[in-house]
Amino acid sequence: MNKMETMTGAKALMMAMEKEGVKQVFGIPGGANLPMYDEFARCNIRHILARHEQSAAHMADGFGRVSRKPGVCFATSGPGATNILTGLATAQADSSPMIAVTGQVPVAMIGKDAFQESDIIGMSNPVVKYAFQPRTAGEVPEAVRKGFYIAETGRPGPVLIDIPKDVQQNEAEMTFPDEFKIQGYHPWTDPDIVACEKAIDMLLNSEKPIILAGGGTIISSAFAELQAIAETLMLPVVTTFKGKGAFPETHPLSLGPIGMHGHAEANKMMTEADCVLAIGTRFSDRSVGTFEAFEKRLKIIHMDVDPAEIGKNQTAQVAVVGDVKVSLRIMIKLLLQRAIKKTDETPWVKHVKETKAYWKENLKLHPGEMGAAKILRKLRELLPKESIITTEVGQHQMWASLFYDVIQPGTFFSSTGLGTMGWGFPASIGAKVARPDVPVVDIAGDGSFAMTENSLATAVLEDIPVIVFILNNYTLGMVAQWQRTFYDRRMIGVDQQHCPDYVKLAESYGAQGIRAQSMDELDKAIKAALSSDVATVIDIPIDPEEDVLPFVAPGTSLADMILPS
Amino acid sequence: MWAILSIVVENKPGILFKITHLFRSRNFNIDSISVGVTENPAYSRMTITTFGDEKQVAQIVKQLDKMIDTIEVKHLDEHKTVYRELSLFKIKISNASDSMEINKLANAYGGKIHDVKKESLMVELTATPDQIKAFEELIQPFGILDVARTGVAALQRSGS
């Protein structure tokens, strides 16, 4: 416990955040958060002005996923607060650590339908990990300390701190607690060693074992452990889409993501496997197709930090609750003790490698020069392996999943759970703030980019040179694909009619805008973007009729995958 | 399956909202709910009864347990639990013999009579939900004017 000091709630907020190591806040000021904004004049925290509170939240989310420390966003009360709801829901769906601080009307005005009052505590309840509303200034430091602890421990998530204006303004004797207790919160469980032992036996006794690595593997940064298990037991590795890049996709044992738009070889091998080591995944419907078809065939070993995930969507034969990095380390230790190290290629692994080679060779791609696969492979070829990718949501996102191989684990981020269009660009800004030393590229579609493109002002004015890579079919492409596939080509509400011109749009913000209509132009554009010190938008017109394939239609199983004809 | 859940929570404003919201957002129904402070004024005990198969009940218990405001969550075995609900029935009296009949039924169920008027009387009955249901069926013919029920309160028997 530090010594007491008298100060306002707003100052205590900033001091408490400095103690948490916060270096920047993404946000927008307004009437109810002016006292905390005034403190930026007197502290060492940088303010990065967003152009919409939703984007501020996505920036904080992007920062949090890359740095694995909570990103912070500020918004005022009322509409400022409601605007961050999508950002909170996105972070919650993808277990991203985040702190959102909202202004609120003064305590005495709460419940009076005051100007710019919204019950953000009530509204945000299902989409936050926890929420605080300090009612006196003296409660602020503890709310911040607990908020950060909750956001970043166990299964991470967003925490809201809603501070009434008078609580920001009032002075109190402040203590900044080092130690605190949250009685009902137990973020970590020690993994059960017996269960780890059982998991090993089950994998050893299976003919066709496979690893399914989910987003939890990335959150826990269990990359080395995952690779060690895969190599020691010679296990092929598929991932969920959120787990994409948990394992180097250039590794001989890698098959890439499974799911609705999974790699053909990954979906095929997943449907042939007889035992799965599922690491940090909630078995989302988009990953496994129909739940019943999945669990009927398979012995499932499920590792997760969240005990509520065990048995939620799939019934596991062996469950290991705990941080997956710790669980995997226990398994590695047990394998060492038992001197287990597979060196011979099993018939299963041989079959997996043949299948992979077949699909690498035989998956039919768009025949044109500017097909999605060619564009994304060109991007991969020119980007350094440590580059960070974010994506928007739609066809481009799934093409990125199919054709952009992640080489360095933990460098690919997407709104996978909530599927929030407009996430990728502001998230790339947050990512670049976390890692200014590496190129950050938002693989975008025109529909998604249009939703948060005004973050270009932030990227340019705050000197955050990210690259927006638009696969532009001037269509809400994924919706159009479903209309072509399931609605007899009745195209409703999807045509963007070549509006706007993204090169001119970029230039109007002071960013670099480049249109690339051939592979040669694309090559030059990517190189120009990589050497630019200002944000760059690369606009790449593509065929609006190109579909994302393979495709597992909703409500079907992975075995029913539709392939390009 | 009918399940009794006993949940100890921090005694703070807004927790009841969060618990009921969790049931709604996870697609569960609350059959009954009762809330009261425990021997330690820092905590409240919520007793919630719900329906679901074994897997569903296990899932809601885990989701409740995950909540930061819950201190303890138990799925009680009804055979090792004392559980009761208080109910009040306002019953119509059409002729003189009704009053006697209702009195007899109430006595048989351990109920108490209140508010005896010419045209109605009230029965207070503390029992298990099954017993209350049985009593309700028996008094149905007289005409039930109003019912109020508290929801189940439950405690595990010692040693179980």
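At-a-glance table
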{"quantity": "FRET efficiency for A:Glu354 and A:Thr315, using Cβ-Cβ distance with R0 set to 30 Å, rounded to 0.05", "calculated": "0.40"}
{"quantity": "Counting all C-alpha pairs of the stretch A:273-411, share separated by more than 26 Å (%)", "calculated": "47"}
{"quantity": "Relative contact order (%) - criterion: Cα under 8 Å, at least six apart; region: chain A", "calculated": "14"}
{"quantity": "Whichever lysines have a C-alpha closer than 17 Å to that of B:Lys62, once near sequence neighbours (fewer than 8 apart) are set aside", "calculated": "A:Lys129, A:Lys312, B:Lys18, B:Lys74"}
{"quantity": "Between helix B:15-25 and chain B: long-axis angle, C-alpha atoms, 0 to 90°, nearest 10", "calculated": "90"}
{"quantity": "Normalised contact order of chain B, rounded percent, pairs of Cα under 8 Å and 6 or more residues apart", "calculated": "28"}
{"quantity": "Degrees between helix A:477-486 axis and first principal axis of chain A (Cα, 0 to 90, nearest 10)", "calculated": "50"}
{"quantity": "Neighbourhood net charge (10 Å Cβ-Cβ; Lys/Arg +1, Asp/Glu -1) for B:Arg157", "calculated": "0"}
{"quantity": "Radius 13 Å from Cβ of A:Ile84, net charge of other residues (Lys, Arg +1; Asp, Glu -1)", "calculated": "-3"}
{"quantity": "FRET efficiency, B:Thr150 to B:Met100 (Cβ-Cβ, R0 35 Å, nearest 0.05)", "calculated": "0.80"}
{"quantity": "Under Karplus coefficients 6.51, -1.76 and 1.60, residue-wise ³J(HN,Hα) of the stretch A:527-532 in Hz, glycine/proline x", "calculated": "5, 5, 5, 5, 9, 7"}
{"quantity": "Dipole of the protein assembly as shown, positive end: most advanced residue of A:Phe180, A:Leu383, A:Phe132 [Cβ charges, Cα centre]", "calculated": "A:Phe180"}
{"quantity": "Amide proton proximity set for A:Val537, modelled H, under 5 Å, gap of 5+", "calculated": "A:Val468, A:Gln512, A:Gly513, A:Ile514"}
{"quantity": "Cα→Cβ-extended label distance, 7 Å offset, between B:Val116 and A:Lys19, nm", "calculated": "6.7"}
{"quantity": "Added length on full extension, which subtracts the Cα-Cα distance from 0.36 nm per residue, A:Asp274 to A:Val534", "calculated": "88.5 nm"}
{"quantity": "3J(HN,Hα) from dihedral phi, the stretch A:69-74, Karplus parametrisation 6.51/-1.76/1.60, rounded to Hz, x for glycine, proline", "calculated": "10, x, x, 10, 10, 10"}
{"quantity": "In sequence order, calculated HN-Hα J values of the stretch A:385-395 (Karplus, 6.51, -1.76, 1.60; Hz; x Gly/Pro)", "calculated": "5, 8, 4, 9, 10, 10, 9, 8, 10, x, 4"}
{"quantity": "Environment charge at A:Val406 (Cβ cut-off 10 Å; Lys +1, Arg +1, Asp -1, Glu -1)", "calculated": "+1"}
{"quantity": "log₁₀ of I(q)/I(0) at q = 0.14 Å⁻¹ - the stretch B:82-156, Debye sum with one point per alpha carbon", "calculated": "-0.40"}
{"quantity": "The protein assembly as shown: radius of gyration over Cα atoms, expressed as a fraction of 2.2 N^0.38 Å", "calculated": "1.09"}
{"quantity": "Nonlocal amide H pairs with A:Leu298, under 5 Å, H built at 1.01 Å", "calculated": "none"}
{"quantity": "Efficiency of FRET from Cβ geometry, A:Ala339 and A:Val194, R₀ 22 Å, rounded to 0.05", "calculated": "0.65"}
{"quantity": "Under 19 Å from the A:Glu507 label point (7 Å along Cα→beta-carbon), backbone N, the stretch A:428-467", "calculated": "A:454, A:456-457, A:460-461"}
{"quantity": "Set of lysines with alpha-carbon distance to A:Lys341 below 25 Å, sequence-local pairs under 8 removed", "calculated": "A:Lys198, A:Lys208, A:Lys299, A:Lys325, A:Lys333, A:Lys350, A:Lys353, A:Lys356"}
{"quantity": "Relative contact order [Cα under 8 Å, 6+ residues apart], the stretch A:365-548, whole percent", "calculated": "24"}
{"quantity": "Cβ-based exposure ranking for A:Trp423, A:Trp399, in which fewest neighbours within 10 Å come first", "calculated": "A:Trp399, A:Trp423"}
{"quantity": "Filtered trypsin sites (Lys or Arg not before Pro), the stretch A:456-546: DSSP coil and at most 14 other beta carbons within 10 Å", "calculated": "A:Arg489, A:Arg490"}
{"quantity": "Sequence of A:Cys499, A:Cys196, A:Cys275, A:Cys73 once ranked by neighbouring C-beta atoms within 10 Å, starting from the fewest", "calculated": "A:Cys499, A:Cys275, A:Cys196, A:Cys73"}
{"quantity": "Nearby aspartates and glutamates by direct alpha-carbon distance to A:Lys181 (threshold 18 angstrom, same-chain neighbours under 8 apart not counted)", "calculated": "A:Glu20, A:Glu139, A:Glu142, A:Glu152, B:Glu10, B:Asp65, B:Asp69, B:Glu72"}
{"quantity": "Taking B:Phe28, A:Phe413, B:Phe17 and counting other C-beta atoms within 10 Å, the order from fewest to most", "calculated": "B:Phe17, B:Phe28, A:Phe413"}
{"quantity": "Shielding by other protein chains, A:125-131, mean Cβ within 10 Å", "calculated": "3"}
{"quantity": "Computed lengthening from A:Glu386 to A:Leu49, 0.36 nm per intervening residue step minus Cα-Cα distance", "calculated": "118.6 nm"}
{"quantity": "Extension gain (nm, one decimal) between A:Phe291 and A:Asp201, 0.36 nm per residue minus Cα-Cα", "calculated": "29.9 nm"}
{"quantity": "For A:Glu5, distant residues with modelled amide H under 5 Å away", "calculated": "A:Met174"}
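We did not get these values from a lab; they are worked out from the coordinates using the rules stated. Since the structure is predicted, the reported quantities are computational estimates derived from the model, not experimental observations. All Cβ positions, even for glycine, are placed from backbone atoms using ideal geometry, and neighbour counts span all protein chains on display.
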